[in-house]
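> Sharing a structure here in structure tokens format.
The values are calculated or read from the model by the stated rules, or taken from the named source; none is laboratory data. A quick note: this is a predicted structure, and the numbers were derived from the prediction, not measured. No Cβ is skipped: glycine too gets one built from the backbone with ideal geometry, and neighbour counts run over all protein chains shown.
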């Protein structure tokens, strides 16, 4: 039996373990990326390793999240990031150069290479045939130091594509259809591998849209083959020399398979407040809208922008709608400026934002209270937009543009025939906003602003773990719920004491003060706890507050790894119904932790307030047990390398 593409790439990079489903493997990482909301902490962690230079083939530090400069915090951190890049041999993408995933796709992605990024949408580069995985910043720092990245061998889900997209349907509809079928938990523990005759009909920007939002499935990553479409794109970016053909064997086997006929897809939309609450646009057409946002790392390519501009040309944005546009990169921005598309957007009344994440991460352009915003973004969790009671819909750039024109959610098929937009035969290449690493950065002084505080650490795990249940949550709690984003909080990313005042406030505004008063405690969660962003602050800040364990029905992959990395015990209920035995304010005890972890047996959790007990699992590898007992990954690495 032949190999699928994922297995081929994992085997080519395997340095530890065996490619057996569910077992832990370590893979060599060729490239890393960070963005500024996660990068400052990742580089503080890299500094703590004591390395002189990154050991990867290529590492890039992007500034794309924290672009608002309302005080000194963000610009100070930008200077820190630039000086760290010079010191340790890292490329630095300056503010204004664009969103990390869009720029990396354009300028750095290489078929067949591995990429580890401190952003959950790193799988975007899977659209170009990379094995691109999102992770916490500490995992990225360790990889920059030359160590393997560890993960459980994923199951491989084949998505067999046939046909071609009909007029007005888009790549966004492909991934929304998959979310509708599988849910935000459907990709957990899996790699989504796209195959079939329909693949060749999709451009690289379209493939990147699909792999980008694979993160919303909870997937480890998503990947397309590297084919002639890939070679054409790389040649247009003046990077043809990095191309290689990469496809699955004809007789490749998969763990699961799903088939999508592109030809029958219609425009889809995700309703509030989850990316998998998907329905046909026609089912909600006519809903009044107050804001439309087009861009983000999902739909901000040249083709997306040109399509929207063509739809708006000669028209005006509806009087009740505020339309914002954020191109994905300087390359995109400059190309639509030269083509005239930017003029058409401005003439129609669009508000043009800089090339960055912007409203997708809650960094400006929050909608009005109680209003409806339709966005070409990838997440619509409650409050992520910056307005707690706003209703956010997710749709293609085409649906967004049609809605901006009419003022109500609109199926673009109602506007008539679609204008043909061609993928560029050549992209404008000017890397003047990317600063390459210097040959020897040893003499570089690292610039530290006043907002950068010492890296918090925790000592070795003490047992038994006792503490008050500070919070009991429902299912699908996101890292936005645990550690909110937005213009108020993200500038504090290197100041954990200040950031701790915002932990869990989306769920319970009293929690930070209660945690401090109690000296820490325990969190109880439902299914898929910690879905969404890779931000390790959703584990790092709770660690700082003294959270010692999280008991949940199940965990999202990246957040589970982050909890381990910062010495927080992640327990999965053996019987999900036992969550009823955990009440807010109850005193809990977990004993015999090291013994149980090393023996691979369930742990007993005793509710000291009620006298009742239940079992919870913590199935870890020997390496993960060492991490947890050491109080976190950094403690273990520094202890074993000192």
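> Regarding segment 34-44, can at least one residue be identified that is at pLDDT 95 or above and out of contact with any helix residue (DSSP H, G or I) (no Cβ under 7 Å at 6 or more places or on another chain)?
No, that holds for no residue.
> What helices (runs of 4 or more DSSP H), lying completely within segment 289-379, carry at least 2 residues that are closer than 11 Å to residue 404 by Cβ?
In segment 289-379, 302-312, 341-348 are the helices (runs of 4 or more DSSP H) which contain 2 or more residues that are closer than 11 Å to residue 404 by Cβ.
> Residue check, residue 144 against (1) more than 27 Å from residue 235 (Cα to Cα); (2) surrounded by fewer than 22 Cβ atoms within 10 Å (Cβ to Cβ); (3) in contact with a strand residue (DSSP E or B) (Cβ under 9 Å, 6 or more places away or on another chain), all met but one. Which one?
Failed condition: (2).
> Looking only at segment 462-472, decide whether some residue is under 30 Å from residue 212 (Cα atoms), assigned to a strand (DSSP E or B), touching a residue at least 12 places away in the same chain (Cβ under 8 Å) and touching a strand residue (DSSP E or B) at 6+ places or on another chain (Cβ under 7 Å).
Checking segment 462-472: not a single residue is under 30 Å from residue 212 (Cα atoms), assigned to a strand (DSSP E or B), touching a residue at least 12 places away in the same chain (Cβ under 8 Å) and touching a strand residue (DSSP E or B) at 6+ places or on another chain (Cβ under 7 Å).
> Identify the residue in segment 276-296 that is at pLDDT 95 or above and crowded, with 24+ Cβ neighbours inside 10 Å and, among all such residues, is farthest from residue 207 (Cα to Cα).
289
> Follow-up question, since we're still on this one. Hand me the list of helices (runs of 4 or more DSSP H) wholly inside segment 476-551 holding 2 or more residues that are more than 20 Å from the chain's Cα centre (by Cα) and farther than 22 Å from residue 628 by Cα.
496-499, 511-518
> Filter segment 596-612 down to residues that are surrounded by 14 or more Cβ atoms within 10 Å (Cβ to Cβ) and not in a loop (DSSP other than H, G, I, E, B), then give me how many there are.
Residues in segment 596-612 being surrounded by 14 or more Cβ atoms within 10 Å (Cβ to Cβ) and not in a loop (DSSP other than H, G, I, E, B): 7 in total.
> Now a separate question. Answer yes or no as to whether residue 479 is under 16 Å from residue 568 (Cα atoms) and modelled with pLDDT of 95 or more.
no
> So which of 633, 628 ends up being surrounded by 16 or more Cβ atoms within 10 Å (Cβ to Cβ), touching a strand residue (DSSP E or B) at 6+ places or on another chain (Cβ under 8 Å) and in contact (Cβ under 8 Å) with a residue 60 or more places away in the chain?
Within the list 633, 628, the selection yields 628.
> May I ask you to list the residues in segment 219-248 that are over 23 Å from residue 426 (Cα atoms) and buried (at least 24 other Cβ atoms within 10 Å of the Cβ)?
Within segment 219-248, 219, 220, 221, 222, 223 meet the criteria.
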